[in-house]
Amino acid sequence: MRRRGKIVVGAFWINLLLLVLFLAGLWGIGLVRFVGDIPVQVEDTTTKTDAIVVLTGGSGRVNEGLALLDKDLAAKLFVSGVYRGLDVRKLLQLARRNPSDLEARIGIGNAVDTIENASETAAWSLRHRISSLRLVTAAYHMPRSMLEFHHAIPGIRVVSHPVFPDHVKQDEWWVWPGTTTLFISEYNKFLMAWVRLRSKQFFGGAGKQRAFSAAN
């Protein structure tokens with residue numbers, strides 16, 4: 001009896017190990033696919049939109065958004081994630097731009113993460129009757145940003161406009177520890193966002209179905 005119990009316990013740990021290895025393999029395959037989906041260039045550089053939206057938090061994003069505004073690819077610019085208390089004039093001064101030229105065309109928000117970026121952009125877009133926007137953020141951040149934005153503002157067309165920070169090495173990323181760590185972190189955040197949004201859709205849909213059944 002004792003020997004049989006040991007066999008059962010041993011089989012349990014072997015099966016658990018196989019499950020962990022299987023899940024780790026799936027995670028690894030997903031990571032490779034995720035990195036493969038990170039943009040390597042700006043696919044659309046000419047389409048005009050109602051607004052340009054910049055998500056702060058990385059190098060080059062605000063300047064890229066201002067450059068696009070200079071090119072009149074949109075009439076308005078919304079910078080999401082600016083530090084609280086920083087106004088448009090100060091932002092332009094930091095970006096070494098002339099406030100008198102662009103101040104009236106720019107709005108700022110104070111989101112602290114990508115979820116808030118999407119929600120405050122949705123509210124700003126509603127106030128300004130925006131039907132299309134060009135989204136500016138780092139290339140590695142673009143997949144999760146597009147996921148959140150499509151959920152928050154499903155009726156608005158979003159044009160992806162990635163920027164490419166010098167410190168992020170997309171070619172042979174696995175040999176660069178800093179880039180590898182960054183991609184793994186961003187992939188895990190993407191997975192959590194995907195699960196959260198899918199759960200909302202599933203349970204929200206189930207709740208609506210129950211409400212409909214109760215009403216009938």
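For this structure, a couple of remarks:
- The stretch between residue 174 and residue 48 holds 41.7 nm of extra length on full extension. This uses 0.36 nm per residue minus the Cα-Cα distance.
- For the pair residue 37 and residue 14, a Förster radius of 35 Å applied to the C-beta separation gives a FRET efficiency near 0.50, rounded to the nearest 0.05.
- For segment 140-206, the list of GluC sites (Glu not before Pro) that fall in a loop by DSSP and count at most 11 other C-beta atoms within 10 angstrom reads 172.
- The residue 126 and residue 70 beta-carbon pair, evaluated with R₀ = 35 Å, returns a calculated FRET efficiency of approximately 0.85.
Read-outs throughout are calculated quantities, based only on the coordinates presented, and are distinct from any laboratory measurement. On a predicted model such as this, the values are computed, not experimentally measured, just so you know. No Cβ is skipped: glycine too gets one built from the backbone with ideal geometry, and neighbour counts run over all protein chains shown.
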